[in-house]
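A short worksheet on the structure shown next.
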Amino acid sequence: MEPYIPTREDAFTLLTQYNKKQGLIRHALAVEAVMGHFAKRFNEDEEKWRVIGLVHDLDYEMFPNDHCHKCVELFEANQWPEAYIRAVISHGWGICSDVKPETNLEKTLYAIDELTGLVASAALVRPSKSILDIKAKSVKKKFKDKRFAAGVDREVILKGAQFLDMELSDLITQVILGMQPVAEQIGLKGEL
């Protein structure tokens, strides 16, 4: 029997079963898009990377105190492959999980999760309220201001950049490029 490989449709159905808040859905869509962008850069399985990006916070809305733990049960109940589950759990390494990111996929998810939130916040305070005209320099300035988007863990972003052997500015640029194609879906098309 062939192992079950979740599709994007499977992932979105599961995501929306456990997440109703628009902000969390938009975050999932942003992470999905950026994971797809990086999969192309690394010449990896884009569908797999996107699916994992889409469901990485599956348990966050309904089970915030069990984040990265409750999702194991939810994925297993739906016969998700172990590699997908491990990748999701690894994005919480050092915060709510002891599973260290090892693969390119896991390191990328770890690096970009918090950063998509910072980029989105930085775009929303621009006059255009758009991700389509933001540059890494603007985001980096906000990165340095610890009061801006205070919930974003800058240390995770820096560790993630090290994992990927990327300069912070380059990582930010790639996250912006990954988010731009879904600007409308994630509420960041703005007024250009």
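Here are the numbers for the structure shown:
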{"item": "Test result for residue 24, crowded, with 19+ Cβ neighbours inside 10 Å and more than 22 Å from residue 165 (Cα to Cα)", "result": "no"}
{"item": "Which listed residue is touching a Gly at 6+ places or on another chain (Cβ under 9 Å), touching a residue at least 40 places away in the same chain (Cβ under 8 Å), closer than 18 Å to residue 33 by Cα and not polar (S, T, N, Q), from 123, 136", "result": "123"}
{"item": "Condition check for residue 137: more than 18 Å from the chain's Cα centre (by Cα), in a loop (DSSP other than H, G, I, E, B), of a type in the set (Lys, Arg) and modelled with pLDDT of 95 or more", "result": "no"}
{"item": "Residue 84, sole failed condition from (1) assigned to a helix (DSSP H, G or I); (2) modelled with pLDDT under 95", "result": "(2)"}
{"item": "For residue 153: the one exception among (1) within 23 Å of residue 41 (Cα to Cα); (2) under 15 Å from the mean Cα position of the chain (by Cα)", "result": "(1)"}
{"item": "Residue within the range 12-20 that is of a type in the set (A, V, I, L, M), farther than 19 Å from residue 173 by Cβ, out of contact with any Leu (no Cβ under 8 Å at 6 or more places or on another chain) and not in a loop (DSSP other than H, G, I, E, B) present", "result": "no"}
{"item": "Residues (over 12 Å from residue 110 (Cβ atoms) and part of a helix (DSSP H, G or I)) located in the range 146-160", "result": "154"}
{"item": "Residue match in the range 63-73 (condition: hydrophobic (A, V, I, L, M, F, W, C), on the phi > 0 side of the Ramachandran plot, touching a residue at least 24 places away in the same chain (Cβ under 8 Å) and surrounded by 15 or more Cβ atoms within 10 Å (Cβ to Cβ))", "result": "yes"}
{"item": "Test: residue 151 is of a type outside the set (Asp, Glu) and either more than 25 Å from residue 25 (Cβ to Cβ) or exposed (fewer than 14 other Cβ atoms within 10 Å of the Cβ) (or both)", "result": "yes"}
{"item": "From 76, 47, residue being surrounded by fewer than 16 Cβ atoms within 10 Å (Cβ to Cβ), assigned to a helix (DSSP H, G or I) and in contact (Cβ under 8 Å) with a residue 24 or more places away in the chain", "result": "47"}
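Condition check ((1) surrounded by 21 or more Cβ atoms within 10 Å (Cβ to Cβ); (2) among the β-branched types (Val, Ile, Thr); (3) modelled with pLDDT of 95 or more; (4) in a helix (DSSP H, G or I)) across all residues:
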residue: 105; (1), (2), (3), (4): yes, no, yes, yes
residue: 111; (1), (2), (3), (4): yes, no, yes, yes
residue: 116; (1), (2), (3), (4): yes, yes, yes, yes
residue: 123; (1), (2), (3), (4): yes, no, yes, yes
residue: 132; (1), (2), (3), (4): no, no, yes, no
residue: 141; (1), (2), (3), (4): no, no, yes, yes
residue: 162; (1), (2), (3), (4): no, no, yes, yes
residue: 171; (1), (2), (3), (4): yes, no, yes, yes
residue: 192; (1), (2), (3), (4): no, no, no, no
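The values are calculated or read from the model by the stated rules, or taken from the named source; none is laboratory data. Because the structure is a prediction, the values reported are computed rather than measured. Neighbour counts run over all protein chains shown; Cβ positions are idealised from the backbone, glycine included.
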